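Read the structure below first, then the notes.
The values are calculated or read from the model by the stated rules, or taken from the named source; none is laboratory data. A quick note: this is a predicted structure, and the numbers were derived from the prediction, not measured. Note that each Cβ is placed from the backbone with ideal geometry, even for glycine, and that neighbours are counted across all protein chains shown.
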Amino acid sequence: MLDPDTWSAIHWPAEQKPMLVVVVDTEAEFDWKAARPRRAMGVTSVKCQDRAQRIFEKYGVRPTLVLDYPVSSTPEAYEFIRQLHRSGACEIGAHLQPWDNPPLVEQITDENSYPGNLPSALEREKLVQLTQSIETNIGVRPRIYKAGRYGVGQATAGILAELGYEIDVSVVPGTDLTYEFGPDFSRCRANPYWFGENPALLEIPLSIGYTGLLADTGNVAYTLTMNERLKALHVPGILARLGLVERITLTPEGISFEEQRRLTRALLRKGHRVFSFTYHSPSLAPGNTPYVRSEADLHAFLERIERYLRFFIEEVGGRAATPFEVKALAERCAAPVVRRPERTRKPGWAR
């Protein structure tokens with residue numbers, strides 16, 4: 001599914017205006033410090049999305065709210081989201097967090113917290129139940145998918161196509177999560193592409209990239225910024241301050257506006273036309289995530305969102321877009337023709 005041999009690239013015309021997709025992991029509150037997979041502790045923070053919506057409305061942003069099972073099945077949360085969707089303020093997707101999504105039959109382990117690691121029949125049944133919950137309680141059948149913990153697997157593409165999904169937003173480009181039992185995205189780039197077949201699906205990866213003098217060194221840049229031993233020695237921070245290499249994710253969670261701006265300009269220079277900006281809904285209420293511990297943190301968090309949107313629209317000259325709008329434009333650029341790999345590959349998405 002994430003094998004480059006099975007991709008169909010999308011070649012955007014040079015005059016294509018940059019587009020910004022906003023994806024909100026709309027999920028229950030968890031204990032982020034727990035060593036084992038987190039369990040839902042409530043959904044009260046979901047209504048705090050209105051704090052961000054006021055900003056989104058100013059800049060014409062219709063975020064995609066990808067819902068986990070606790071959110072989609074708890075009236076306190078889904079009634080608020082249903083009203084938001086009916087007003088036309090957002091799109092809806094599914095976010096499969098296996099540990100809180102029925103059927104709850106697997107052993108609760110870190111490995112099983114990635115849906116793609118589950119037996120394919122169980123991964124499918126969990127997504128069936130999540131899809132039905134969203135359709136019943138929100139009133140729309142989701143066609144956008146984001147795997148919990150980015151945990152896609154060998155069977156995921158087929159399951160998504162079977163259940164009528166059209167777009168995936170799970171990929172974390174240039175990132176290997178196998179040391180945590182997760183997928184290997186190290187061969188994936190931040191550009192959207194078609195994958196799967198009959199029908200092909202659109203991948204809109206999270207926007208991650210490098211800035212600095214060593215930004216284009218591939219594996220060297222990855223090692224310098226992601227190696228755990230180097231992190232313990234604070235090497236990535238030193239390299240970033242020296243302007244040598246810096247790995248940045250397009251998110252207001254732990255990433256400053258200046259970092260987001262640097263990443264965006266670097267990706268624009270490489271010809272990127274689609275940007276994916278994301279955060280977790282519990283961050284909109286102080287105390288739920290490491291990124292927002294106080295009201296002051298929340299104020300700064302919302303300010304980072306607004307500053308970035310203003311920059312993207314007013315300075316970059318871009319516009320907000322939903323995943324469906326990106327898909328429609330991608331279909332005009334190139335029909336989704338996906339090749340079958342000619343050689344046998346190891347199981348998994350990008351192994």
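Cβ separations smaller than 7 Å between residues 6+ apart or across chains give the following pairs from the range 272-286 residues that are in the same structural domain as ILE255 (by TED's automatic domain parsing) and hydroxyl-bearing (Ser, Thr, Tyr) to residues that are assigned to a helix (DSSP H, G or I) and buried (at least 21 other Cβ atoms within 10 Å of the Cβ): SER281/SER45; SER281/VAL46; SER281/GLN49; SER283/PHE301. Tallying residues that are touching a helix residue (DSSP H, G or I) at 6+ places or on another chain (Cβ under 9 Å) and buried (at least 17 other Cβ atoms within 10 Å of the Cβ) within the range 132-149 yields 11. The listed residues are PHE181, PHE185, and the only one of them that is among the aromatic types (Phe, Trp, Tyr) and either buried (at least 22 other Cβ atoms within 10 Å of the Cβ) or under 17 Å from LEU127 (Cβ atoms) (or both) turns out to be PHE185. The numbered conditions (1) under 16 Å from the mean Cα position of the chain (by Cα); (2) surrounded by fewer than 23 Cβ atoms within 10 Å (Cβ to Cβ); (3) of a type outside the set (Gly, Ala, Ser) are all true for GLN154 except (1).
Cβ-Cβ contacts under 6 Å between residues 6 or more apart (or on different chains), taken from a first residue in the range 103-114 that is at pLDDT 95 or above to a second residue that is assigned to a loop (DSSP other than H, G, I, E, B) and among the charged types (D, E, K, R), are listed as ASN112/GLU106. Counting only helices (runs of 4 or more DSSP H) wholly contained in the range 55-145, the ones carrying 1 or more residues that are in the same structural domain as ARG39 (by TED's automatic domain parsing) and in contact with a Cys (Cβ under 9 Å, 6 or more places away or on another chain) occupy 75-86. In the set ARG143, ARG82, ARG62, only one residue is over 30 Å from ASN198 (Cα atoms), charged (D, E, K, R) and in contact (Cβ under 8 Å) with a residue 40 or more places away in the chain; that residue is ARG82.
For every residue, the table says whether it meets (1) among the β-branched types (Val, Ile, Thr); (2) within 22 Å of VAL171 (Cβ to Cβ).
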| site | (1), (2) |
| --- | --- |
| LYS17 | no, no |
| VAL24 | yes, yes |
| LYS47 | no, no |
| PRO63 | no, yes |
| ALA89 | no, no |
| LEU104 | no, no |
| ILE108 | yes, no |
| PRO115 | no, yes |
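Given PHE257, PHE312, which one is in contact (Cβ under 8 Å) with a residue 24 or more places away in the chain, touching a strand residue (DSSP E or B) at 6+ places or on another chain (Cβ under 9 Å) and within 30 Å of PHE80 (Cβ to Cβ)?
Numbers: PHE257 fails: touching a strand residue (DSSP E or B) at 6+ places or on another chain (Cβ under 9 Å).
When all the criteria are applied, what remains is PHE312.
I'm trying to understand the selection: among the residues of the range 160-171, which are crowded, with 19+ Cβ neighbours inside 10 Å and hydrophobic (A, V, I, L, M, F, W, C)? Listed by number, the residues that qualify are LEU160, ILE167, VAL169, VAL171.
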